[in-house]
1. Since G63 meets every condition but one in (1) at pLDDT below 75; (2) of a type in the set (G, A, S); (3) surrounded by 10 or more Cβ atoms within 10 Å (Cβ to Cβ), which condition does it not meet?
2. Which members of region 21-41 meet the condition of being loosely packed, with under 12 Cβ neighbours inside 10 Å and either in contact (Cβ under 8 Å) with a residue 24 or more places away in the chain or small (G, A, S) (or both)?
3. Within region 1-15, take every residue that is hydrophobic (A, V, I, L, M, F, W, C) and surrounded by fewer than 10 Cβ atoms within 10 Å (Cβ to Cβ) and give me the one that is nearest to L49 (Cα to Cα).
Amino acid sequence: MRLKATFTIELEADDFVAAADLQRELEQTLGGLRQQFPQAELRLTERRLREQGPGRRNARGPGITGRLNAYRDD
């Protein structure tokens, strides 16, 4: 059986320097885990907040529900 464990930590950084500092701290913390699980990896991704407000439109129209239409063959 193959398993994958994922830890998610959401962090705030003011700039790339602060982000690098956080990454360095996480790498040090991960060092202890790597002793037991050498294949452990750290993957950092930048997440941008979506714009909110009246200018933001829904990608789908109001009539699109995702349901299938009931068609009949007569």
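1. Against the list (1) at pLDDT below 75; (2) of a type in the set (G, A, S); (3) surrounded by 10 or more Cβ atoms within 10 Å (Cβ to Cβ), G63 comes up short only on (3).
2. Those that are loosely packed, with under 12 Cβ neighbours inside 10 Å and either in contact (Cβ under 8 Å) with a residue 24 or more places away in the chain or small (G, A, S) (or both): G31, G32.
3. Residue satisfying both the conditions and the ranking: I9.
The values are calculated or read from the model by the stated rules, or taken from the named source; none is laboratory data. In this text, all values refer to a predicted model and were calculated from it rather than measured experimentally. Ideal geometry is used to build each Cβ from the backbone, glycine not excepted, and the neighbour counts take in all protein chains shown.
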